[in-house]
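Q: Once you've had a glance at the structure underneath, I'll fire off some questions.
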Amino acid sequence: FTIEEIRIRGLDRIAEGTVLNYLPLDVGDELDGTDSADAVEALFDTGFFDDVELLRDGNALIIQVAERPAIARIEFIGNDAIAGDRLREGLAGAGLGEGQSFDRSLLATIERELEQQYFALGYYDIDVQSTVSPLPRNRVGLRLDIEEGEPASVQPIRFIGNRAFDTDELRDRFEMGPAPWWAFLSNRDKYSRERLAADLERLRAFYRDRGYADFDIESTQVTISPDRQRIHVTVNIDEGVQYTVGDIELAGELIYDEAELRPLLAIESSEIFNQRGITRTIEALREKLGERGYAFARINPLPELREADQTVDLTFFVDPAERVYVRRIRISGNETTRDDVIRTELRQYEGTWLSTKDLRDSESRLGRMGFFSDVRIDTPRVPGTSDQVDVEVNATERLSGSLRAGVGFGTDQGVILNLGIQQDNVFGTGDRAEFVANSDDSDTTYRLSYLERNYTMSGIDRRYAVSFRDRDADEADLADYGLQTATASYGYRIPVTSNDRVGVDVEYDDVSLEFNNPSNIQRDFETRNGPDNTVIRTNLSWTRDTRNTAIFPTAGARQQTRLEVALPGVSDLEYYRLSYEQSRYVALSERFTLVLDGTLSYGDAYGEGETLPFYENFYAGGITTVRGYESNSLGPRDDNDDPTGGNLRLLGRAEVRFPIAEDSDGNNLRVSTFVDAGQVWDRDREAAEGPGDVSLSDLRYAAGLGLVYYSPIGPLTMSVARPLNDEQGDETQFFQFTIGAFF
Amino acid sequence: CSARGLLPADESVDIGLEAPQIEFESLFSMRIGQSQADGLRLRPVLADGALYAASVDGRVVALDPVSGETRWAQDLDVRVAGALGAGDGLLALGTASGEVIALERDGGAVRWRQSLSSEVLAPPAVGQASVVVRTADGHVFALDAVTGEQRWLYSRNVPALTLRGHSSPVLVNDGVVAGFDNGRLSALDLATGSAAWESTVAVPEGRTDLARMVDIDADPLVDRGDLFAGAYQGRVAGVALGSGEVAWARELSVTGGLAVDDERLYVTDAQGRVWALDRRNGASVWRAEKLRGLRLAAPSVAGEYLLVAASDGSINALDRRNGELVGRRTVGSAGITVKPLVADGRVYLQDLAGRLHAIGINDKDD
Amino acid sequence: CAQTVERLPILYKPEIRQGTLFTESAVDQLEPGMTPRQVRFLLGPPTIEDPFTEGRWDYVYEVEPRSTDLEAVSRRLTVFFENGQVAGASGAFIDAGHPLFDGADQARAQ
Amino acid sequence: CASNNDEPNELRNAEAAAIYENAKRAMDRGDWQTATQELESLQAQYPFGIHATQAQLDIIYVYYRSGDVASTVAAAERFRRINPRHRAVPYTWYMQGLALEEKNEDMLKRWVGVDGTLRDPVPRRQAFDAYTTVVEQFPESDYAEDARTRLDGLFADGARYQLSVAEFYADRRAWVAAARRAITVIDEFPGTPSVAPALALLERAYREIGLEDLAEGVVAARARGVGETDPAATPVAPSLYENETDVVPPAPQGGGNAPTGAGDIMDM
């Protein structure tokens, strides 16, 4: 019959409109057997109803439904290992949550979901009881009583058949195993199949790297004690014999001639067979081929084992596949940064063959710009072609600019009031603009600086800065004098190789001093040069930067040699300052990075000046140089026992840095254990007290824990350090930190 | 339902005992060696008039069964995991590093040693000129008793997660029956190792690896043509030794073990209950709940009593007819996990602390 | 004074590499009647497909060493198709001996 | 379970209506924060009531006005999933397009005249797809007209982006890359104002590469009128910079269900 009207009965919470939406029938349709079956099925699919019936009243279609109750609330009792809302998230993940329609079959899925979450933490002994209580308005409340029991912990791993290496050495290869007492947070002793698989892989690599070419894990047994408290893992291995490398061949289409590829081999004949050498060789060969556009080259090593004399002959078969060309370079994710600012840093052009080396250089160059939190370059194939790819550069921008006004506190600088507008990426042009007003106990500085990136097409940057500084030295525990300096500088940064840059700047410096109770050093400076001096300095710097990113780099190094010379004739004072700085980053593992910093600075007068002006002295001590010692407190002191700094400074720092939080916040926070060293000497002035001649034994050392956090309101640095060889008279400082200030 | 874990071994349960009918009297008790971890199976054996026992740190002793006086002692530099099997004039033990060692019964000299593929966590079966050893990776090795040469190897795959420990093979005439971790039994020809039959005691059910564990860790029992076996979280079954056909089976989770007399099969289950079933059809005769919550070792029949050792270091006697607890004594501080060895009125127990106890049973009323 | 700095020798300018690297040996195997797919497999993807001319692929390979010590290269090759097959070619490595060498095409290519 | 359904239907509707009222008032006040909370709580407590559908519709508008692009898109998709044949579906596509189009724009950038088209092209391409759905699947909806003009605007923006990349390569004398990008503008963005400069750039690139005959071809093409854009054809794309966003119509009130639905949703 044709439907003239549709009426729905039994609706309680669900709106009629919603039901009509899902109903495949409309007023005026012809209704026959199959349609009604589809209608019923469609309504059941919505999951809202326990029962659906189609009735006929004349030409009206009556739809009789029995609504399923909705879950009003879910309560967890007895869950201490996993918080309630984490459990709720898990359930929501499986499509169960408040507001969902409820039916008996859901109970089993709810219990299974909870068990999964607990098994993941090693609680194999869990028991879940669920009770359903009806609530008004056709809703139900769900109560889940959880008895967690004890988590099962993994016992020391057992190895059978290990003759070449003893069990402890093999256990070190495993991440899973009994947790040492101090690692109370770690879940090392929780069993997980993936982790065991990864451990077994590491074991294979361990043996394969030590010549056991046909090492084999025969079987692994995972057993649990009846009281489910202990998990035992037994690994049965057959070590086989230790192989040395026989002769090595290069076969297939080499693209280069063999002589050029031989040096890339990371494994030689008669060396102990090792997988790492083979993998590194493959990497090196792939990169070499990538430089000629063979981005999809395949290198497979074909080992032939000769049991008789325990040697392995290796043939590296090279299949370059086709040379691959770049159709288009697509840049995305750059909400503020202009497209060309990113494209300039890319060494790869469109329309030519893809060089993997260029892509890698481009990735670290973008990383070093400092205003991207993550740069990813992928090369998807152009659909329908085997020789063309697009290069997709996805750069996620970091909060590169910050309008910062606030109060900071630094143990070195006391209360810091600062107002700073700093934008690393001014309107996406890549330029860096900075206006800072910063005052603390001892210093008030105003600085305005601008760096124009890619001022010329070939990548020369231009920079200029104006700053005014008023220092009351006494407040900074230095000698008792006041210093006002006004400086202006203008210059260029010129790329001289792909990683090296030369900086050339001219700086005008106007210094005026007033002495309240000058020490002998200041007195004789004033007698010779008077309180006010102007200097025109040229600053030359050579910087080589191969870091893979600016924020917490894990590879590469940054070195800078810097020479500041006051130009004779036009400057009242004639002196120069020379410094060499280097920081090197070595990735110990994905999480741990070793940072080695070193600085050597020397300054002296030339011409008829005798010494480096005292206010240009180098200082050491404090959070930016040698932690654990009071700011600027190291080195010689003047007659009223204030540190004077010196004209020779040596600093060193070794740090192991690692993130503690895995979550997103993890990548702008690092904790580190460090050893700092440093000292300042005054070569030519007869200091009242302090190390006259330079000897490394004067170096002061300190060790401790540090923290660096790029918080939204600015960089926060903190450190606790214990001086190791402080001597009488050194002012040490255990806890130092700065927040919201520039360092 | 996920079987609840048992109480940890050290927690003792106070068991109300009305009028004890029998007295346990300690005859002698001595330390063999260091205490051992749970999950290993070190039990004493009696062979032609001498009592032999081994400890986890590799010390093997031969004692006078009555006085406990040491006849000889031998120190092997191994971690013993499954001991002792005795037969054909030799003793056999298995180590944690996958080795089997055979010693001469008189004097204890090492006859031969053989490395196998994995840990040996239960005593080898010795007899009919063979030493049959089960290893933790699901293999069964048959070695020649005289030379230790490997005659054959039979293996079954091991599920992803199994219960710690495994059962010992049981020698029958020119054959051996072995229980595996996948809940199945295999009967193997002693000469060739080929499987005469394979039968299923329990089938893994449930969603998680944990719920699907059905290890046959309790030693199967052969008695007059009948074979009995029990699986964890599975069933207890009566099987025809000849054909492997399952005569009867009952839902029961077995971690302790089995004992049998002419009418009844006694089982200690995972919850610490002791069952008596009619050996012909598995019908339950009685069930003792008194020791519930303790982890019970395999029971032994001694006269009219059924002796059950428990994880609280106690030996308990139940009346075989009705399961009444008639005697109880705490033997040592450490738990006992192996079947009591009963011989002419004396009971020998080895506890986890590496001590051997000999107990006499005297009936109150005779 | 940036312009003066621009010309300083020490200023590093990376090389510019453009177009499809086609080799003499590949061009030698070019013969009439080949399909576009075969040409592409032989020489690589065409550098320029002019929107206003049909049946013509232009290959360009250009290397400008600038501050690097690579040797400069500048190669042109034009391939003509008629109803889906190679009909002629002109430019690099197409000398008299080449089957596709045809005076007229040379003229058209100039 | 025995649902003791004593509360009459109307009482519950009244509660839902009350919450919906303060949501409406908050929207009128432009207080998007409270409006969002009210609408979200309405959907949670009365997930299937009459107001729920209306709330799901209004929340798209509220998210858009509060500038939360991701939530606007999510809310639009959720509405279409729950009410696949609802009368307001074209509206949800239109709002999705609007939110994506203005993804990287904000007052500061606009005030300084930062040209959004030289930035991340991906959101604008998604907006283009959303508007295309409105124009192709709901041609007679009252948003199709405005969507069509915005399509042209985005099309022209896309062309300008490609042209800027071509000019980038030309500035660096990478003539092959410049030529290829110019060809992209000509092939894929016909009729846009960027075609003319692209032709000039292509001609220069051909000459620099030494393909004189192709350069002549370009000159001939220009003579044939390729690249001329008759002002009538391309409507002045209502570039986003001038007009205020309140030109955007709020969610259709009482956006009842599919045209054939029985009666309007609100007076159920």
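The values are calculated or read from the model by the stated rules, or taken from the named source; none is laboratory data. Computed from a prediction, not measured in an experiment: that's the story for all the values here. Methodologically, a virtual Cβ is constructed for each residue, glycine included, from the backbone with ideal geometry; neighbour enumeration extends over all protein chains shown. Keep in mind that these areas ignore ligands, DNA and RNA; they rest on the heavy atoms of the full protein, side chains included. Shrake-Rupley method; radii C 1.70, N 1.55, O 1.52, S 1.80 Å.
Q: Taking the stretch A:286-317, which residues are open to solvent by less than 60 Å² (accessible area, probe 1.4 Å) and part of a loop (DSSP other than H, G, I, E, B)?
A: Matches in the stretch A:286-317: A:GLU291, A:GLY293, A:TYR294, A:ALA295, A:PHE296, A:ALA297.
Q: Scan B:ALA136, B:ALA202, B:ALA142, B:ALA196 and give me the residue that is surrounded by 21 or more Cβ atoms within 10 Å (Cβ to Cβ) and part of a strand (DSSP E or B).
A: B:ALA142 is the lone residue from the list that is surrounded by 21 or more Cβ atoms within 10 Å (Cβ to Cβ) and part of a strand (DSSP E or B).
Q: Filtering the stretch D:146-179 down to residues that are within 12 Å of chain C (Cβ to nearest Cβ) and in contact (Cβ under 8 Å) with a residue 12 or more places away in the chain, which residue is surrounded by the most Cβ atoms within 10 Å (Cβ to Cβ)?
A: D:ALA179
Q: I would also like to ask the following. Identify, please: which residue in the stretch A:28-53 is touching a strand residue (DSSP E or B) at 6+ places or on another chain (Cβ under 6 Å) and aliphatic (A, V, I, L, M) and is, among those, surrounded by the most Cβ atoms within 10 Å (Cβ to Cβ)?
A: Going through the qualifying residues, I end up with A:LEU43.
Q: Can you run down the residue pairs with Cβ atoms below 8 Å, 6 or more apart or on separate chains, where the first is in the stretch A:55-80 and within 16 Å of A:THR131 (Cα to Cα) and the partner is among the hydroxyl-bearing types (Ser, Thr, Tyr) and outside any loop (DSSP other than H, G, I, E, B)?
A: Pairs found: A:PRO69/A:SER101; A:ALA70/A:SER101; A:ILE71/A:SER101.
Q: Being of a type in the set (A, V, I, L, M, F, W, C), without any contact (Cβ under 8 Å) to a residue 60 or more places away in the chain and surrounded by 21 or more Cβ atoms within 10 Å (Cβ to Cβ): is that true of B:VAL326 here?
A: For B:VAL326, the condition - of a type in the set (A, V, I, L, M, F, W, C), without any contact (Cβ under 8 Å) to a residue 60 or more places away in the chain and surrounded by 21 or more Cβ atoms within 10 Å (Cβ to Cβ) - is not met.
Q: Need pairs with beta-carbon distance below 9 Å; first residue within 14 Å of chain A (Cβ to nearest Cβ) and within the stretch B:86-112, second part of a loop (DSSP other than H, G, I, E, B) and small (Gly, Ala, Ser); sequence gap 6+ or separate chains.
A: Going by the 9 Å Cβ cut-off, the qualifying pairs are B:GLY94/B:ALA122; B:THR95/B:GLY58; B:SER97/A:GLY161; B:GLY98/A:GLY161; B:GLY98/B:SER117; B:GLY98/B:SER118; B:GLY98/B:ALA136; B:VAL100/B:GLY148.
Q: Which pairs have Cβ atoms under 6 Å, sit 6 or more apart or on different chains, and link a residue in the stretch D:68-96 that is on the phi < 0 side of the Ramachandran plot and open to solvent by 50 Å² or more (accessible area, probe 1.4 Å) to one that is at pLDDT below 85 and small (Gly, Ala, Ser)?
A: D:ARG85/D:ALA258; D:ARG87/D:GLY255; D:ARG87/D:GLY256
Q: Shifting gears a bit: Name every residue in the stretch B:159-185 that is in a loop (DSSP other than H, G, I, E, B), of a type outside the set (Gly, Ala, Ser) and under 19 Å from B:GLY234 (Cα atoms), in order of residue number.
A: B:PRO159, B:ARG164, B:HIS166, B:PHE180, B:ASP181, B:ASN182
Q: Could you tell me whether any residue of the stretch A:433-452 is open to solvent by 80 Å² or more (accessible area, probe 1.4 Å) and within 29 Å of the chain's Cα centre (by Cα)?
A: no
Q: Anything in the stretch A:339-360 that is more than 7 Å from chain D (Cβ to nearest Cβ) and among the small types (Gly, Ala, Ser)? List them, or say none.
A: A:SER355
Q: Still on this structure, I have one more. Just to be sure I understand, how many residues within the stretch A:123-151 are touching a residue at least 40 places away in the same chain (Cβ under 8 Å) and among the aliphatic types (A, V, I, L, M)?
A: The number of residues fulfilling the criteria is 5.
Q: Of all residues being of a type in the set (Ser, Thr, Tyr) and away from chain D (no Cβ under 14 Å) in the stretch A:100-129, which is least open to solvent (accessible area, probe 1.4 Å)? Just the residue, please.
A: A:TYR118
Q: Output the number of the condition that A:ASN529 fails; it satisfies all remaining conditions of (1) open to solvent by 50 Å² or more (accessible area, probe 1.4 Å); (2) touching a residue at least 60 places away in the same chain (Cβ under 8 Å).
A: The number of the failed condition is (1).
Q: Sort out which residues of the stretch A:318-338 are within 8 Å of chain D (Cβ to nearest Cβ), outside any strand (DSSP E or B) and open to solvent by 10 Å² or more (accessible area, probe 1.4 Å), and write them in order of number.
A: Within the stretch A:318-338, A:GLY333, A:GLU335, A:THR336, A:ARG338 qualify.
Q: Okay, moving on. Go through C:VAL27, C:VAL63 for me and flag whichever is assigned to a helix (DSSP H, G or I) and either acidic (Asp, Glu) or more than 8 Å from every other protein chain (Cβ to nearest Cβ) (or both).
A: That would be C:VAL27, the only listed residue that is assigned to a helix (DSSP H, G or I) and either acidic (Asp, Glu) or more than 8 Å from every other protein chain (Cβ to nearest Cβ) (or both).
Q: Next up: I need the strands (runs of 3 or more DSSP E) fully contained in the stretch B:212-291, keeping only those with at least 1 residues that are open to solvent by less than 20 Å² (accessible area, probe 1.4 Å) and of a type in the set (Val, Ile, Thr).
A: The strands (runs of 3 or more DSSP E) meeting that bar are B:234-240, B:254-260, B:264-269, B:274-278.
Q: Right, next: Considering only residues that are under 22 Å from B:ASP209 (Cβ atoms) and either among the hydroxyl-bearing types (Ser, Thr, Tyr) or touching a residue at least 24 places away in the same chain (Cβ under 8 Å) (or both), which ones fall in the stretch A:161-187?
A: Of everything in the stretch A:161-187, those that are under 22 Å from B:ASP209 (Cβ atoms) and either among the hydroxyl-bearing types (Ser, Thr, Tyr) or touching a residue at least 24 places away in the same chain (Cβ under 8 Å) (or both) turn out to be A:PHE174, A:GLU175, A:MET176, A:PRO178, A:ASN187.
Q: Tally up the residues in the stretch C:36-51 that are farther than 30 Å from A:PRO495 by Cβ, crowded, with 17+ Cβ neighbours inside 10 Å and within 14 Å of chain D (Cβ to nearest Cβ), please.
A: Qualifying residue count for the region: 6.
Q: Any idea which of A:ILE237, A:ILE272, A:ILE282 is more than 30 Å from B:GLN271 (Cβ to Cβ) and touching an Asp or Glu at 6+ places or on another chain (Cβ under 8 Å)?
A: A:ILE237
Q: Would you check if A:ASN533 is closer than 25 Å to A:LEU448 by Cβ and touching a Ser or Thr at 6+ places or on another chain (Cβ under 9 Å)?
A: When the stated conditions are applied, A:ASN533 passes them.
Q: Identify, please: which residue in the stretch A:587-629 is over 30 Å from A:SER519 (Cβ atoms) and free of Cβ contacts under 8 Å to residues at least 40 places away in the same chain and is, among those, surrounded by the most Cβ atoms within 10 Å (Cβ to Cβ)?
A: Applying the filter and picking the extreme gives A:ALA587.
Q: Tally up the residues in the stretch C:72-110 that are surrounded by fewer than 17 Cβ atoms within 10 Å (Cβ to Cβ), more than 14 Å from chain D (Cβ to nearest Cβ) and at pLDDT below 85, please.
A: The total comes to 8.
Q: Here is a further query. Would you mind telling me which numbered condition in (1) of a type in the set (Phe, Trp, Tyr); (2) closer than 30 Å to A:GLN242 by Cβ; (3) modelled with pLDDT under 90 A:PHE317 fails?
A: Going through (1) of a type in the set (Phe, Trp, Tyr); (2) closer than 30 Å to A:GLN242 by Cβ; (3) modelled with pLDDT under 90 one by one, A:PHE317 breaks only (3).
Q: Can you find even one residue in the stretch C:31-44 that is at pLDDT 85 or above and touching a Lys or Arg at 6+ places or on another chain (Cβ under 8 Å)?
A: yes
Q: Take residues that are touching a residue at least 40 places away in the same chain (Cβ under 8 Å), within 14 Å of another protein chain (Cβ to nearest Cβ) and open to solvent by 20 Å² or more (accessible area, probe 1.4 Å) and tell me which of the strands (runs of 3 or more DSSP E) falling wholly in the stretch A:209-264 contain 1 or more.
A: Correct list: A:216-224, A:230-238.
Q: Among the numbered criteria (1) at pLDDT 80 or above; (2) of a type in the set (A, V, I, L, M, F, W, C); (3) assigned to a loop (DSSP other than H, G, I, E, B), which one does D:TRP93 miss?
A: Checking D:TRP93 against (1) at pLDDT 80 or above; (2) of a type in the set (A, V, I, L, M, F, W, C); (3) assigned to a loop (DSSP other than H, G, I, E, B), the one that fails is (3).
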